[in-house]
Structures are given as C-alpha cells and as structure tokens.
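Quick notes on the structure that follows.
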Amino acid sequence: MALHPDFPDSPHAVLEPDVRWFPADEALRESSYEKLLPPLVHQLRKKVKAWREKGYEGATHTSINLLNWWFHQEHLMPKADGSMARFQYYFAQQEAVETIVFLYDVVKAKDKYDLIRFDSSGAVSANMFDESWRRFVIKMATGSGKTKVMSLILAWCFFHKLYEEGSDLARNFLLITPNIIVLDRIRSDFDGLRIFFEDPVLPDNGFEGYNWRDDFQLTLHIQDEVNITRKAGNIFLTNIHRIYSGNDVAPSADDEDTMDYFLGRRPSGKTTDSKVDLGEIVRDIDELVVLNDEAHHIHDNRLAWFRSIEDIHHRLQHKGRFLALQVDVTATPKHNNGAIFVQTISDYPLVEAISQNVVKHPVLPDSASRAKLAERKSSRYTEKYADYLNLGFEEWRKAYEEHAKLDKKAILFVMTDDTKNCDDVAQYLEATYPEVKDAVLVIHTKNNGEISEAASGKKNEELEILRKQSNEIDSWASPYKAIVSVLMLKEGWDVKNVTTIVGLRAYSAKSNILPEQTLGRGLRKMYPGNHVEEYVSVVGTDAFMDFVESIQSEGVELERKAMGEGTKPKTPIIVEIDSENTTKDIDALDIEIPVLSPRIYREYKNLSELDTGCFGHKKVEYKTFSKDEQREIVFKDITTGEINHTTVLDSGQVTDFRSVIGYFSQVIMKDLRLVSGYDVLYGKVKTFIQNELFEIRVDLDSLNTLRNLSELEASKSVIETFKKEINALTVQDKGDAKIKDAIKLRNTRPFVVKEQGYIIPRKSIFNKIIGDSHLELQFAAFLEECDDIVSYVKNYMAVHFQIDYVNTDGNISNYYPDFIVKQSLKSVVIVETKGLEDLDVPLKMKRLREWCIDINKAQPDVHYDYVFVDEENFNRYKPKSFETLLSGFQEYKD
C-alpha cells in the first residue's frame with residue numbers, strides 16, 4: 001500500500017490521478033483502483049484533470065477568473081521582515097475547489113442523481129443519500145488547510161451569485177462548527193474578514209474587468225450577535241447547538257455537567273437542544289449556502305445537525321426556493337460502521353499529506369525500544385504504566401531541548417482511561433520530573449473525547465481560564481508544557497506543538513474514535529511553510545499502539561525509531577552555532593561580514609518622468625472584431641500564445657476601460673514591487689494605451705479596444721514595456737556604498753532545514769554544513785582538507801548575507817553567495833559554486849566584484865576577494881589547496 005514511486009514531494013505539484021494513493025497492493029492499481037476509493041473520487045479526479053487542461057472549458061466567466069487568479073497567478077505576499085514571499089495554495093486545496101466548481105458549472109449537479117453518475121464502485125444507490133439538496137463532502141487530512149478551502153468556496157459562491165445572471169448560489173453563508181473551540185479557531189481567521197484579504201482570495205480590482213475587492217461586501221455575525229441589516233451579504237458563524245430547532249436554556253457553569261458550557265454541545269439525537277432557532281433567521285433571507293467544518297458529525301440523518309439543515313432547506317422551499325449548496329469539510333467523513341460518506345467528491349488522505357510534509361510524521365518505538373516496556377503489577381495506575389510514562393517523558397524532554405533552540409515550546413500529551421487516573425498521572429509527572437513541576441494542565445474528557453468538567457466542580461471563571469489555557473499552550477506565555485486528559489480532544493483543539501503522545505488506554509467501538517482523530521492533535525506542523533520533516537513520537541500500551549497502528553490500513557507508514565536515553569531526538573535537522581563543541585575555538589572560527597548600504601535602489605519620484613511617446617516598443621496591430629467577438633474574452637498561454645479558451649460576456653454586462661487600466665497598473669506595480677506611485681502610473685498607462693500601444697490612436701470607451709486589450713500581444717506589450725521602461729528610469733546605481741553594520745556569524749539563530757545531505761565540519765562555526773547540491777557537499781569537504789584556511793561557512797539564508805543586483809529582467813533582486821571562506825585574520829573570500837550557469841550568473845558575479853571593491857575601499861583591515869567555481873573544472877583539476885583554487889579559477893575576475 002505504498003505510495004506510487006512517481007508521487008511528488010511538493011504539496012504544490014499537480015497530482016495526477018494515476019499516482020494517487022489507493023488502499024490496495026500496487027499490483028492491483030490497474031484492476032481495482034477505482035473500487036477501493038471513495039466511490040465518486042476516481043472518476044471526478046480524471047474528469048477534473050481533463051477539464052483543467054482545457055482551461056476550465058464550459059465554466060462561467062466568474063469561475064474561470066477566480067480559478068485562474070487563485071491557482072495560475074503568482075502571488076507575492078509581504079513577510080514580517082519587509083521582504084516578499086511567494087504564496088501558493090496546495091494542489092489538494094486547488095483540486096477540492098475545482099471539483100466543486102466543475103460539478104456546479106459544468107455538470108450542473110443539483111442532487112444525488114447527478115453525483116451517482118460518477119460512481120466507480122457500482123454499489124452506490126440513491127437511498128445512500130439522506131438529503132434532497134446539493135451536498136458535497138471534501139475529505140482533507142488534519143492540518144492540510146481546510147479553512148482556506150472554505151474561504152475560497154465562500155468567495156466563489158458570493159461572486160458567482162453577484163456576477164452571473166441566473167446563478168442559484170447565494171451571498172448568505174451559514175458556517176457551522178461542532179463546538180466552541182472550533183468556532184474560536186475559525187473566528188480567528190474570519191474576524192474582520194481577515195483571511196479573505198491576507199490570503200489572495202480576492203482578485204485585485206480591475207482583474208478581468210471587475211472590482212472584486214470593492215464588491216466583496218459581507219458582514220460577519222457570530223453566535224447570537226446577529227443583526228441582519230440586508231437580505232444578502234451575511235456570514236453566520238455558529239456552533240451547531242445554536243441552530244437546532246426549538247428552545248432551550250443556555251448551558252451554565254452551575255450545571256451538574258458543565259461540558260456543554262465549556263466546549264459547546266455535541267450533536268445529539270434530538271432536535272430540541274437549542275438556544276436559538278435559526279429558522280427565525282432564515283425566514284428573513286431568501287438565499288443560503290451551508291459550510292460545515294469538522295463535518296464527520298453529520299453521519300446520521302437522525303442527528304440534530306442533519307435535521308437542522310434539512311429544516312432550513314424545507315423553510316426555503318416554502319418560499320419557492322431551496323438550499324443553494326452544502327459543503328462539508330473533514331478529515332474523517334465516515335459513518336460509525338467505517339463506511340465513507342458517499343457524497344465525498346475530493347480526497348487528500350493523511351498518507352499523502354505526510355509524504356508531502358504538510359503534517360508531522362508519526363514515529364513509534366522500534367522493536368528493541370518497545371521490548372523494554374512492560375506493565376508492572378500494581379494497583380496504582382502510575383506505577384503500572386511507569387515505563388510508558390518515563391519513555392514518553394524522555395522523548396518529550398529531548399524534543400523540548402531541541403525545539404527551544406528555535407524558540408518553540410514542545411508539548412507532551414498523555415491520555416488516560418478515566419478522570420481519577422488523569423489526576424494521578426498529572427501528580428506523578430509533577431512529582432517525578434522537575435522540568436514539568438507546576439506545568440501540567442489537566443483536562444477531563446468523556447469517553448468520546450469531549451471535555452467534561454462535571455467531576456471537578458469548576459465554576460465560570462475557572463472554566464474560562466481553562467479554555468484559554470488549552471488554546472494558548474503553544475505560547476511561551478503559558479506556563480504549561482504537558483496536558484493530561486482522558487482522551488485526545490477529538491477536534492478543534494488545534495495546537496501545533498505537540499511532539500509526544502503517550503496513550504495509556506485502549507479503545508472501544510462505542511467511543512467512535514478513529515486513529516487519525518487520535519493522532520490528529522499532534523499532526524499540525526510547528527514550522528509551517530518550511531518543507532522540513534517534523535515528527536510526533538507516539539508511545540503507549542500494547543492495546544493503544546495496536547489501535548494507532550490500525551491507521552496503516554489507510555496507507556500511513558509509521559516510522560519506527562530507537563527511543564529512550566541515548567537516542568537522537570525526533571526533531572527536524574537543526575543548524576546552529578556549535579558552541580557546545582569543546583574542540584572548536586568559536587572566536588577563531590567566527591567570520592565578520594560588513595553590511596553595505598544599498599548601492600542599487602529605486603528613485604520612485606522618477607515615475608513622473610516616464611515619456612510614453614519615447615518607449616521604442618513595437619506597435620501592436622489594432623484589429624477590428626465583430627460585435628459577437630467584442631463580447632469574447634480570450635485566454636491565451638503567455639508562453640506559447642495558444643488560445644486556452646474563450647468566454648462570452650453577457651449582453652448586459654458593462655466593462656469599463658478604467659478597471660482594465662487599473663488592473664494593468666496593479667500588475668506592473670506588483671511585479672516591480674513598487675510601493676507607491678499608482679496614481680502617476682495609472683495616467684501613464686492610460687496615455688500609452690490610448691496613443692502609443694497600437695498602430696493608431698484608439699477610443700478607450702470602445703468595446704473593440706477592450707477586446708484588443710484582451711489579446712496576448714497587447715496585454716503583454718503593456719506590462720513588459722512598462723516594466724522595462726520603469727526599470728531603466730528608476731533603478732539607479734549610486735556608484736559606491738558605505739559600511740552601515742556588520743554580520744557576526746556567531747550571532748546566527750538556530751534554524752531548521754529539510755532532510756538532505758550534510759557534513760559535520762571541523763572548520764566551521766556551525767554544527768552542520770548542508771549541501772543543496774552534490775557540488776556544495778564536495779566543496780565543503782574540500783575546504784575541510786585545506787590547511788591554508790582558518791574557517792568557512794555555507795551562506796545560509798539565516799545568515800542574512802545578501803547582495804543587491806539588477807537581474808536579466810532589469811529588476812532589483814538579491815543574490816546569496818554560496819560560501820564565505822576565512823583565509824586569515826586579514827583575508828576573506830566569497831565563493832560562488834555553480835553546476836549549470838543561468839543567465840543571471842554574469843550579472844551576479846559583476847555585482848560581487850563591485851561589492852568587494854566597495855568593501856575594500858570602505859575599510860583597510862580585511863581584504864575581501866571572490867572566486868567562481870564551476871563543477872566541471874572543479875572535478876577535472878581537483879585542486880589540493882585553497883590558494884591553488886584561487887590561482888586556477890579566474891573566470892569573471894576581469
């Protein structure tokens with residue numbers, strides 16, 4: 001059941017249907033693949049792939065625009081340090097959204113009968129669907145970004161309803177969560193509509209002729225804070241018990257069982273457990289989309305969750321309408337008998353998420369480590385399971401020390417079988433291990449994993465504190481390092497820093513807990529955005545481990561490693577200053593690198609000096625299109641020029657040239673990373689299009705002109721011409737630079753790197769030298785044997801040594817040399833190694849030469865030089881010393 005050998009490592013890579021995981025031996029892939037998946041998924045993956053490759057042919061104009069913006073545009077987002085980083089959705093997120101759009105726009109699916117046609121098993125029948133409305137289920141592994149998918153679906157529904165005539169989607173949204181903890185997590189993303197503006201959910205105003213950001217008018221209503229002021233443009237965010245039909249009394253801290261007060265009621269078999277009747281709200285609105293987070297709760301048509309949504313649909317039907325769409329997202333869309341929801345239309349299983357480092361890798365003790373564990377004969381719980389607690393603590397302690405170097409706090413999680421033993425374990429940990437004295441948080445849970453504080457008698461203030469403590473435990477502001485509970489919280493408690501899970505209980509079918517839910521709270525990554533392997537160690541009794549190992553039936557390969565004293569911590573590779581190595585003289589190995597003031601800069605005020613009449617570009621032919629052609633928006637591949645697809649605008653749709661000019665201006669500013677000057681640039685772009693772009697002067701109000709601007713040649717000419725001219729005008733070279741600061745390598749903070757080759761150096765201040773290529777490892781090994789150098793380092797990004805230069809596109813960019821070599825106290829050499837040269841190499845080396853000249857002019861104490869080492873000559877001549885290398889490698893020296 002291993003993954004296909006061609007399965008990609010990157011979560012951003014397109015996943016071909018034929019390489020996806022399926023629950024059978026690889027030999028059965030061709031014969032049984034479609035029968036061993038959620039029944040609709042295999043055919044839908046193939047259909048959506050073909051549809052994607054045809055440029056989303058048959059979808060509405062709005063859908064194509066949004067899909068292209070989200071998944072086929074480059075998005076550069078600002079980082080905390082002021083630099084820009086590329087944002088890209090995971091392919092699993094892309095495929096989930098594409099599949100829903102495909103089913104709605106192309107298949108025009110309205111109910112279960114339209115879904116059954118994609119059944120690959122031959123076993124799906126209409127009676128397996130409880131609902132009579134349009135419902136799609138998305139299966140995505142814990143930690144793989146379900147909230148981002150919901151934000152995209154919500155935006156798509158909103159704009160589809162707004163821009164597409166006859167759309168039966170909606171601009172009102174009911175976002176349902178199973179409990180208060182999940183609601184708090186969703187609220188952190190949706191408050192102030194934050195996720196829509198911080199992620200590239202909303203296209204720039206002017207993109208394809210629409211003012212997306214201005215038109216996205218929504219009001220967020222949370223729980224009972226509902227103030228409907230309009231018929232459309234509402235998001236109702238609530239936990240499930242607030243929308244059951246009927247009346248009820250609000251949970252209180254004085255209740256005998258205060259679980260409902262702390263977490264929010266779980267779905268029940270009754271339909272009268274409620275405080276607020278959502279039906280009263282629905283009567284005032286005519287359109288609605290329902291989004292369910294952690295939707296595995298909707299596994300039975302007798303549950304109040306399902307019945308409440310059904311009631312909403314029926315109320316809408318009484319007004320001649322219907323529920324526009326229901327989308328459920330969950331990692332485990334399964335019934336109590338293990339059968340997957342037949343409405344599942346997209347699947348990103350845990351095995352794939354682990355393989356692509358989207359979540360942590362579960363690690364179990366190897367056989368030798370496990371053989372040392374035994375249940376002792378004792379009536380005292382902690383004495384009986386002392387071996388397991390000690391091993392779990394030891395694994396956590398090692399992880400804690402490593403992650404603390406990176407300013408992250410590792411969390412230990414222990415699961416027991418009842419509240420009495422829960423308290424016993426907490427007392428044992430605090431009494432036995434000074435590291436967790438007064439640092440263990442106890443949360444009592446029921447057998448199904450939901451929090452209950454009935455036994456503790458906690459009151460209002462204490463419960464509020466407990467909720468806050470459980471949510472903030474990742475932070476150093478929290479004093480807690482360990483949590484002990486009856487069972488891992490089933491959902492919502494989405495801390496990222498759990499590194500060790502200790503299970504001291506077995507599971508029964510009655511608990512309805514799945515292995516992925518057990519591991520789920522330890523799967524989220526501590527270092528999101530880094531493509532590094534992270535681990536969660538899982539230790540427990542034989543019964544507990546047997547249960548965890550049952551997840552292997554879903555393809556998850558559980559790694560087994562040596563655990564206990566003397567073994568390595570289960571953490572990512574950490575590079576740090578090797579200060580604890582007593583054989584190294586850190587002072588002697590340290591290298592100081594001067595930081596120069598920027599030599600290359602932009603003179604923003606010069607934008608006003610752009611003379612559009614002197615650009616010298618090739619004029620574009622102004623074509624005459626028929627009235628029908630003028631209403632076509634043509635999409636062409638920017639590299640090949642081939643038409644991907646054409647969309648016809650509605651006859652009543654008005655496209656304003658101002659939006660098109662605004663879009664061009666924003667693209668130019670984004671590509672050049674200009675932070676000001678939009679008003680000046682807009683006027684220049686307008687003048688250029690009107691007077692200079694085409695062979696004749698054009699009327700901007702003419703639909704024929706807008707149709708010409710949709711042509712690849714015209715749009716590319718506008719953007720590329722302005723980028724070239726702005727760079728030529730605004731990018732300036734001061735001619736010299738001054739020393740403004742210095743980088744001392746010994747001050748570099750620890751950082752994590754992905755699993756790759758490295759050497760343990762003797763002549764470097766770092767504990768490891770990572771090789772991004774075989775040549776870099778070869779070169780590091782060469783430097784280790786050079787007697788004529790004092791020290792060297794690989795120039796990691798964490799060192800922050802970069803040199804500004806002008807790249808082949810004329811843009812200002814940053815160059816990171818590969819190595820820094822200290823020959824003596826008076827001599828430092830910057831080394832660039834290269835396998836295959838790219839077009840920017842000569843520009844980088846020219847700038848490196850200038851940098852060395854500037855440094856040597858600015859200070860007399862240390863002489864800085866540079867050398868370019870190409871792989872072919874390095875392997876051919878095999879230099880024996882660093883001086884030999886310097887004298888033999890002279891490329892780019894003149």
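General remarks:
- Looking across the stretch 795-809, just one residue is in contact with a helix residue (DSSP H, G or I) (Cβ under 7 Å, 6 or more places away or on another chain) and within 20 Å of residue 767 (Cβ to Cβ), and that is 799.
- On inspection, residue 114 passes the criterion of being among the charged types (D, E, K, R), surrounded by fewer than 21 Cβ atoms within 10 Å (Cβ to Cβ) and within 16 Å of residue 323 (Cβ to Cβ).
- Only residues that are open to solvent by 20 Å² or more (accessible area, probe 1.4 Å), within 28 Å of the chain's Cα centre (by Cα) and at pLDDT 95 or above were counted in the stretch 351-397, giving 0.
- Filter result for residue 607 (in contact with a Gly (Cβ under 8 Å, 6 or more places away or on another chain) and either in contact (Cβ under 8 Å) with a residue 12 or more places away in the chain or over 18 Å from residue 142 (Cβ atoms) (or both)): yes
- No other residue among 820, 803 is buried (at least 18 other Cβ atoms within 10 Å of the Cβ) and farther than 30 Å from residue 724 by Cα apart from 820.
- Failed criterion for residue 780 (all others in (1) at pLDDT below 95; (2) in contact with a Gly (Cβ under 9 Å, 6 or more places away or on another chain); (3) of a type in the set (Gly, Ala, Ser) hold): (1)
- Identity of the residue in the stretch 816-833, free of Cβ contacts under 8 Å to residues at least 40 places away in the same chain and charged (D, E, K, R), that ends up nearest to residue 892 (Cα to Cα): 832
- In summary, residue 735 fulfils each of the numbered conditions (1) within 20 Å of residue 573 (Cβ to Cβ); (2) out of contact with any strand residue (DSSP E or B) (no Cβ under 8 Å at 6 or more places or on another chain) with the single exception of condition (1).
- When the test is whether a residue is at pLDDT 90 or above and part of a loop (DSSP other than H, G, I, E, B), residue 582 passes it.
- Only one of 659, 665, 597 that is surrounded by 14 or more Cβ atoms within 10 Å (Cβ to Cβ), modelled with pLDDT under 85 and either within 30 Å of residue 533 (Cβ to Cβ) or of a type in the set (S, T, N, Q) (or both): 659
- In the stretch 724-742, the residues that are surrounded by 17 or more Cβ atoms within 10 Å (Cβ to Cβ), under 16 Å from residue 804 (Cα atoms) and not polar (S, T, N, Q): 731, 737
- Qualifying residue in the stretch 72-88 (condition: modelled with pLDDT of 95 or more and open to solvent by 60 Å² or more (accessible area, probe 1.4 Å)): no
- Helices (runs of 4 or more DSSP H) fully within the stretch 97-193 counting 2 or more residues that are within 30 Å of residue 515 (Cβ to Cβ) and at pLDDT 95 or above: 146-163
- The stretch 286-339, subset on the phi > 0 side of the Ramachandran plot and either at pLDDT below 85 or assigned to a helix (DSSP H, G or I) (or both), residue least open to solvent (accessible area, probe 1.4 Å): 294
- Every listed requirement among (1) in a strand (DSSP E or B); (2) at pLDDT 95 or above is met by residue 442 save one, (2).
- Residue match in the stretch 152-175 (condition: within 24 Å of residue 497 (Cβ to Cβ) and either in contact (Cβ under 8 Å) with a residue 60 or more places away in the chain or not β-branched (Val, Ile, Thr) (or both)): no
- Flag for residue 414 being open to solvent by less than 20 Å² (accessible area, probe 1.4 Å), under 30 Å from residue 16 (Cα atoms) and modelled with pLDDT under 95: no
- The stretch 513-548, residues that are out of contact with any His (no Cβ under 9 Å at 6 or more places or on another chain) and in a helix (DSSP H, G or I): 515, 516, 518, 519, 520, 542, 543, 544, 545, 546, 547, 548
- Screening residue 843 with (1) in contact (Cβ under 8 Å) with a residue 40 or more places away in the chain; (2) surrounded by 13 or more Cβ atoms within 10 Å (Cβ to Cβ); (3) assigned to a helix (DSSP H, G or I); (4) not polar (S, T, N, Q) gives one miss only, at (1).
- Counted residues, the stretch 858-893 - those being in a helix (DSSP H, G or I) and polar (S, T, N, Q): 4
- First in the stretch 214-225 and under 20 Å from residue 184 (Cβ atoms) and hydroxyl-bearing (Ser, Thr, Tyr), second anywhere and buried (at least 16 other Cβ atoms within 10 Å of the Cβ) and modelled with pLDDT under 85, Cβ under 6 Å, 6 or more apart: none
- Flag if residue 481 is modelled with pLDDT under 85 and among the charged types (D, E, K, R): no
- For residue 772, the conditions (1) without any contact (Cβ under 8 Å) to a residue 24 or more places away in the chain; (2) open to solvent by less than 10 Å² (accessible area, probe 1.4 Å) all hold with the exception of (2).
- Residues in the stretch 783-800 that are open to solvent by 40 Å² or more (accessible area, probe 1.4 Å) and modelled with pLDDT under 95: 797, 800.
- Failed condition for residue 566, given (1) free of Cβ contacts under 8 Å to residues at least 40 places away in the same chain; (2) touching a His at 6+ places or on another chain (Cβ under 7 Å): (2)
- Inside the stretch 805-831, residues that are part of a strand (DSSP E or B), touching a strand residue (DSSP E or B) at 6+ places or on another chain (Cβ under 9 Å) and modelled with pLDDT of 95 or more make up a count of 10.
- Condition check for residue 780: in contact with a helix residue (DSSP H, G or I) (Cβ under 6 Å, 6 or more places away or on another chain) and open to solvent by less than 30 Å² (accessible area, probe 1.4 Å): no
- Boolean, residue 47 is open to solvent by 30 Å² or more (accessible area, probe 1.4 Å), in a loop (DSSP other than H, G, I, E, B), within 25 Å of residue 342 (Cβ to Cβ) and modelled with pLDDT of 95 or more: no
The values are calculated or read from the model by the stated rules, or taken from the named source; none is laboratory data. All values derive from a computational prediction rather than experimental measurement. Cβ sites come from the backbone with ideal geometry, for glycine too, and all protein chains shown count toward neighbours. Just the protein is used for accessible areas: all its heavy atoms, side chains included, with ligands, DNA and RNA removed. Shrake-Rupley method; radii C 1.70, N 1.55, O 1.52, S 1.80 Å.
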